[in-house]
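The values are calculated or read from the model by the stated rules, or taken from the named source; none is laboratory data. A quick note: this is a predicted structure, and the numbers were derived from the prediction, not measured. Every residue, glycine among them, receives a Cβ derived from its backbone with ideal geometry; neighbour counts consider all protein chains shown. Surface areas here come from the heavy atoms of the whole protein model, side chains and all, with no ligands, DNA or RNA. Shrake-Rupley method; radii C 1.70, N 1.55, O 1.52, S 1.80 Å.
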Amino acid sequence: MNIYLLTQTLNIGYDTYDSCVVAAANEQDAVKIHPSEYIKDISEWGYEWVHYSDRDKVEVKLLGKAAKGIKEGLIWSSFNAG
């Protein structure tokens with residue numbers, strides 16, 4: 001399991017996520033994780049992050065290996081509330 005920093009500049013401004021840290025096996029799995037702990041289903045993805053079809057515009061940076069026992073999913077996110 002790896003730790004990734006995901007960032008996006010496609011949707012900026014109020015009520016948007018600009019970044020998050022996730023645990024995932026690889027980059028392809030990492031970009032499938034939404035920065036909201038409440039949104040799991042891709043059909044609920046809105047423009048507060050990136051639309052499901054725009055996941056290729058999310059920048060992915062490998063931060064390192066996860067500690068033993070860390071499960072895949074969201075660790076931290078940055079939300080710009082309005």
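Write out the GluC sites (Glu not before Pro) in segment 34-66 meeting two conditions: DSSP loop, and at most 15 other Cβ atoms within 10 Å of their Cβ.
Within segment 34-66, the qualifying GluC sites (Glu not before Pro) (loop, at most 15 other Cβ atoms within 10 Å) are Glu37.
Any idea what the dipole of segment 4-48 comes to, in debye rounded to 20, about its Cα centre with Lys/Arg Cβ at +1 and Asp/Glu Cβ at -1?
Computed about the Cα centre, the dipole is about 100 debye.
Taking only DSSP H segments of four or more residues, each worth -39500 (n - 2.57), what value at 222 nm results for the chain once the sum is divided by all its residues, to the nearest 500 deg cm²/dmol?
The per-residue figure over the chain is -500 deg cm²/dmol.
How charged is the neighbourhood of Val58? Take every other residue with its Cβ under 14 Å from the Cβ of Val58, and add Lys/Arg as +1 and Asp/Glu as -1.
Net charge in that neighbourhood comes out at -3.
Please list, by residue number, every one of the chymotrypsin sites (Phe, Trp or Tyr not before Pro) in the chain that is coil in DSSP and has at most 13 other beta-carbon atoms within 10 Å.
Those that pass, being in a loop and sparsely packed, are Tyr14, Tyr38, Tyr47.
Count the lysine pairs in the chain whose Cα atoms sit under 21 Å apart, keeping only pairs 8 or more residues apart in sequence or on different chains.
8
Per residue and in cubic angstrom, what volume does the convex hull of the Cα atoms of the chain have?
Convex hull volume per residue, Cα atoms: 81 Å³.
Can you give the net charge of the other residues whose Cβ lies under 14 Å from the Cβ of Ile12, counting K and R as +1 and D and E as -1?
Once all neighbours under 14 Å are counted, the net charge is -4.
Of Gln28, Thr16, Val58, whose Cα points farthest to the positive end of the dipole of the chain (charges on the beta-carbon: +1 Lys, Arg; -1 Asp, Glu; origin at the Cα centre)?
Farthest along the dipole direction, towards plus: Gln28.
Given points 7 Å out from each Cα along the Cα-Cβ axis, report the Gln28 to Asp15 separation in nanometres with one decimal.
3.5
How large is ³J(HN,Hα) for each residue in segment 77-82, as worked out from phi by the Karplus curve 6.51 cos²θ - 1.76 cosθ + 1.60 (θ = phi - 60°), to whole Hz, x for Gly and Pro?
8, 10, 10, 9, 6, x
If r is the Cβ-Cβ distance from Asp41 to Leu5 and R0 is 30 Å, what FRET efficiency results, to the nearest 0.05?
0.80
Accessible area of the chain with a 1.4 Å probe: how many percent of it is carbon plus sulfur?
52
On average, how much accessible surface per residue is there in the chain, in Å², for a 1.4 Å probe, leaving out ligands, DNA and RNA?
About 63 Å² of surface per residue is accessible.
Using modelled backbone amide H atoms (1.01 Å from N, in-plane), which distant-in-sequence or interchain residues come within less than 5 Å of Ile75's amide H?
For Ile75, whose amide H was placed from the backbone, the distant partners under 5 Å are Val21, Val22, Ala23.
Using DSSP to define loop residues, name the trypsin sites (Lys or Arg not before Pro) in segment 27-57 whose beta-carbon has at most 15 other beta-carbon atoms within 10 Å.
Here the trypsin sites (Lys or Arg not before Pro) that fit, given the DSSP loop and packing criteria, are Lys32, Lys40.
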